[in-house]
Amino acid sequence: MRRTAQTTLVTVDGESPTSGQAEGGYRASQGVRFAILGPVEVSINGRGATLDGSKQRTVLAALLLARGALVSDDRLSSLLWGWQPPNTINAQIYTYVSRLRKYLGSAIGIIRQRPGYYMRIGAAHFDYDEFERLARAGQEGLRTGQFGPAAERFRRALALWRGPALADVTEHLAGIELPHLTEARLAALEGRIEADLAMGQHHQLVPELTALVAEHPLREGPRAQLMTTLFRCNRQADALNVYLEGRKLLAEELGVDPGATLERAYQSILAGDADGPTARTERDQINTASTGVGDGWAGTRPEMLPPDLTDCAGRDGELRKVLHALRPDSSNRLETPAPVLITGMAGTGKTALAVRAAHLSREDFPDGQLYVDLDGMGPHPKNPFDVLGWFLRALGVPDAAVPRTLDERIQLYRSHLSRQRILVVLDDAASDQQVRPLLPTGARCGALVTSRAHMITVDGARVVTLHPLETTEALELLGQVIGPDRVERDLLSAARIVELCGGLPLAVRIAGVRLAAKPQWPLERLAARLAEDSRRLDELQRGDLNVRTSLQLSYERLDEAVRRMFRRVALLGVPDFPAWVAAEILGHTEQAAEALLEALVDARLLEIGGIDPRGRPRYQYQTLVRLFAREQAIREDSRDQRRAVVEAAIDAYRRRGGEAVKLLGLTPATRPPVETAMTWISSERAALFGLFQQASATGRHASARDLSVLLDGFAGINPAAGRPR
């Protein structure tokens, strides 16, 4: 992250800094060093600063990990005390921040901006920033075949770790931040080992990899590396035994088969590859780097698809649509297949459907399949320029002949595809700008694109939208993971589980994997754990599968105004809502509110729940998305802000409901206003009842009484309407 020294004077909590100071009073900070990769430490000009206990270190670490973003008081409270904060929250947080300011002096700025704090560290050294920079450089070295420099950069990155990261902070902060820090370290370690393997240092790696696999037995990367290392050391039997142990563990603990990495290593060893699977790829990279000619693909039919995913339960109809678009008329083999765009919210199984359809279409594209994960929701979406380079090499173009400009790469790519029948699969696309250069134009080529975004400018695309599964389909998916017999034995609990998962395939699959790993668990136990809203997203994670992380990727790509709309409207206990409600609670015009809501629909974080009698959309959250949105509100908005949102919604409904009551008392000569009132009541009755329940549950007794009076007054319009008692 780029940081520049700040010199602009600002007002903090109504007080202006003294002349010559920058934000929060910090100046040049070259002599300050922050460290979290081990115990949390600060040194100023080589001398360690005193930090008072785990909570002081927690506040500092939280501000550092926010990378200059605001950390709300509520967020700090949860990191310091969890769900049981003291009555003196604000005073204690203020004390911790004041002491940090005292220790750091004028070197660093900790700025108060309601409802929280943020830190500007200027040119100070932060060990995690340095670690990430070196790890990225190491990965780039691997990609370009510069294995010696790559190994050195990884070693320097790993040397920054002085033990377990965040070793002396509260368990609340460690529980949130430590998993991804540990994952980053392991990824760097695997990268360094990969570079060492490429340089032929397999004999030295056996002890290290053996210990690494013992420490992380379910991690497939190190296990595949150990297999390759043992194979190169002429220990083929030991290499195969490592695979068999891993397969058994994966089946017993997770209920899954080995992934692509482990399976490729196993197949290569069985085939008696002289160098092993990793070495073959590395040898090709070395040849490319040393000779400038990437001939590893020469004469090879590109088969880049991931392993086939057969568990597409509940997607038979969508699968038929995709296959029909890819082969619209089997009697005319020259007809151009339509591009297919598979869209849907996070976790609906877009990639699984695309990969399944691509494998089933292999005979229709005999010249091969190109595949790339565009990482559209990640922090660094892949550049079409780089992807075209990979594709051209896969099509047999020598590295030296790959053009150096984007336009030339596009033209050469299209020229190659014009003579072949190839399927191009572009997974997790960010936008049409990222996709358009990669689409084939050959009359016999097909294209499959998956994205959470609406990419309406993909010309001629057949759009297949994935929604959460219905109960029957979700139960079928759960049965594929844990066995249909186990579902049938407790169908009631199984139905409750998929209901609490909101029918989201990712969530159902995670629940299934957890149950498969615990065959002794009754289904009702997991159903009970999922029933607690406050912990449901915590329960829906297993290994690399994580509902919260998947939604977080979509959330972080939103503009701040859209994020604010997303998390605050979710606080309302209503099944669906119109744009005017969002406008009322956030102080926008209805037109501006609708634009923000439509941005959430485009991001697949909100759904159109229906159209009201006036032709206006009503919006709704998917079950798990609402829980995620409320989590973000608790993290980023103060308690007063959250309370104000609910109060504003209740006041708006109370006011408009009162107006509707008055209109209902008009004479027949004023029928149009009466019809307007009845239309409003018909549309908003469920929302009124939801707010009544929310007001009752949260101690807003006066508001609950007013809403109850309105509901009683409206009940006669529709005899079937429910009334609170």
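The values are calculated or read from the model by the stated rules, or taken from the named source; none is laboratory data. The shown structure was predicted, so the numbers you read here are calculated from the model rather than taken from an experiment. Ideal geometry is used to build each Cβ from the backbone, glycine not excepted, and the neighbour counts take in all protein chains shown. The area values use the complete protein model at the heavy-atom level, side chains included, leaving out ligands, DNA and RNA. Shrake-Rupley method; radii C 1.70, N 1.55, O 1.52, S 1.80 Å.
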> What lysines could a cross-link reach from K518, if we take a straight Cα to Cα line under 18 Å and drop same-chain neighbours fewer than 8 places away?
Replying inline: K248
> Among A251, V498, I89, whose Cα lies farthest out toward the positive end of the dipole of the chain, if unit charges sit on the beta carbon of Lys, Arg (+1) and Asp, Glu (-1)?
Replying inline: I89
> In Å and whole numbers, how far do the C-alpha atoms of the chain stretch along each principal axis, longest first?
Replying inline: 91, 78, 57
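Relative to the Cα centre, what is the charge dipole magnitude of region 495-558, using +1 at the beta carbon of each Lys and Arg, -1 at the beta carbon of each Asp and Glu, and rounding to the nearest 20 debye? Can you show the working numbers first?
Numbers: 11 positive and 8 negative charges, 33 e Å.
Its charge dipole is roughly 160 debye.
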>> Show log10 I(q)/I(0) for region 61-170 at q = 0.10, 0.13, 0.16, 0.20 Å⁻¹, two decimals, from a solvent-free Debye sum over equal Cα scatterers.
In response: -0.42, -0.64, -0.84, -1.07
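Apply the a/c threshold of 1.5 to the C-alpha gyration tensor of region 557-615 and tell me whether it is rounded, prolate or oblate. If you can, show how the numbers build up before the last one.
Numbers: a/c = 1.40, a/b = 1.25, b/c = 1.12.
In terms of gyration-tensor shape, rounded.
Loop only by DSSP, 15 or fewer other Cβ within 10 Å of the Cβ. Give me the trypsin sites (Lys or Arg not before Pro) in region 64-108 that pass, ordered by residue number.
Numbers: sites: R67, R75, R99, R101, K102; in loops: R67.
Passing both the DSSP loop test and the Cβ count: R67.
Using helices alone, I'd like the mean residue ellipticity at 222 nm for the chain: each DSSP H run of four-plus residues gives -39500 (n - 2.57), total over residue count, nearest 500. Can you show the working numbers first?
Numbers: 30 runs with 392 residues, N = 725.
Helices in the chain give a 222 nm mean residue ellipticity of -17000 deg cm²/dmol.
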> Taking 0.36 nm per residue of separation and subtracting the Cα-Cα distance, what length does fully extending N234 through D407 add?
Replying inline: 57.5 nm
>> Along the Cα→Cβ direction, 7 angstrom out, place labels at L254 and H324. What is the inter-label distance in nm?
In response: 3.6 nm
> Hey, can you rank 494-504, 192-202 by average C-beta count inside 10 Å, highest first?
Replying inline: 494-504, 192-202
>> If amide hydrogens are placed 1.01 Å from N in the peptide plane, which non-local residues have theirs closer than 5 Å to the one on Y371?
In response: M304, V425
> Where the centre of each part is set by its Cα atoms, how far does region 521-577 sit from region 202-256, in angstrom?
Replying inline: 35 Å
> How large is the charge dipole for the chain, taken about the Cα centre, if only the Cβ atoms of Lys, Arg (+1) and Asp, Glu (-1) carry charge, to the nearest 20 debye?
Replying inline: 1300 debye
> Lys/Arg Cβ at +1, Asp/Glu Cβ at -1, dipole of region 68-159 taken about the Cα centre: which of L80, A137, P149 is farthest positive-ward?
Replying inline: L80
>> Cut-off under 18 Å on the C-alpha distance; same-chain residues fewer than 8 positions from K102 excluded. Which lysines are left, in chain and number order?
In response: K55
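Which percent of the accessible area of the chain is formed by carbon and sulfur heavy atoms (probe 1.4 angstrom)? Each step should come with its number before you reach the end.
Working: 16670 of 33380 Å².
Heavy-atom surface of the chain belonging to carbon and sulfur, 1.4 Å probe: 50 percent.
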>> For the chain, what does the accessible surface come to per residue with a 1.4 Å probe? Please give it in Å².
In response: 46 Å²
> Given the Cα-Cα distance of H125 and S682 and 0.36 nm per residue of separation, how much length would full extension add, in nm?
Replying inline: 194.5 nm
